[in-house]
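Undergrad: Would you mind keeping the following structure in view while I ask a few things?
Here, each number is a calculation from the coordinates, and none is a lab measurement. Everything quoted here is computed from the prediction, not taken from an experiment. In this analysis, Cβ positions are derived from the backbone assuming ideal geometry, glycine residues included, and neighbour counts consider all displayed protein chains.
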Amino acid sequence: MKISKEEVGYVADLARLSFDEAQTEKLQGDLSAVLDYVAALEKLDTTDVKPTEHVLELVNVLRPDVVGETLPIDKVLANAPEAENNAFRVPRVVE
C-alpha cells in the first residue's frame, strides 16, 4: 500500500514530529512496507489458530501471601532521619 507524503506529514503532526524531505521519503517507504506486510498477514488463514495473549507461555512466580511477624516500631524507625508520632517524617511535597 503506497503512502503519500501528505499522509506521512499528517501522522508526523499527530506525533508532534517534524522531518525534512529525505526523512519524509524514507518514512514513506518504511510505512508503506509495514502496511504491505500487514496486508499480507490479513490473507493468512487463521481459522484453526487459537487466540493467545502472548506468544510465549508465561507463568507468574509468586510466593504465598502469608502474615508474618512485624517489626517493632522502635526498630523500624531506628534508621529514619526523622520520626514523629511513631511514623516517618518526610518533607512536604504538596503546597
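Undergrad: Let me check I've understood the local charge: for Lys5, count other residues with C-beta under 10 angstrom from its C-beta, Lys and Arg +1, Asp and Glu -1. What total comes out?
TA: -4
Undergrad: Something else now. Using a Cα-Cα cut-off of under 21 Å, which lysines could be cross-linked to Lys2, ignoring same-chain neighbours fewer than 8 residues away?
TA: In chain and number order, the partners are Lys26, Lys43.
Undergrad: Take the alpha-carbon centre of the range 1-34, take the same for the range 63-95, and report the distance between them in whole Å.
TA: 53
Undergrad: With +1 on the Cβ of every Lys and Arg and -1 on the Cβ of every Asp and Glu, and nothing else charged, how large is the dipole of the range 1-56 about its Cα centre, in debye rounded to the nearest 20?
TA: Dipole magnitude for the range 1-56 comes out near 60 debye.
Undergrad: At 222 nm, what helix-only mean residue ellipticity would the chain give, in deg cm²/dmol to the nearest 500, using -39500 (n - 2.57) for each DSSP H run of four or more?
TA: One gets -12000 deg cm²/dmol as the mean residue ellipticity at 222 nm.
Undergrad: Over all distinct Cα pairs, what is the inverse of the mean 1/r for the chain, reported as the Kirkwood hydrodynamic radius in Å?
TA: It works out to 20.7 Å.
Undergrad: Let me ask something else. Among Thr70, Leu27, Val11, whose Cα lies farthest out toward the positive end of the dipole of the chain, if unit charges sit on the beta carbon of Lys, Arg (+1) and Asp, Glu (-1)?
TA: The residue sitting most towards the positive pole is Thr70.
Undergrad: Then there's this: Ranked highest first by average number of other Cβ atoms within 10 Å, how do 77-84, 48-55 line up?
TA: 77-84, 48-55
Undergrad: Whose amide H sits under 5 Å from the amide H of Ala83, counting only residues 5 or more places off or on another chain, with H placed in the peptide plane?
TA: The answer is Arg89.
Undergrad: By how many degrees, 0 to 90 and rounded to 10, does the Cα axis of helix 21-42 deviate from the longest principal axis of the chain?
TA: Between the helix axis and the principal axis of the chain, the angle is about 90 degrees.
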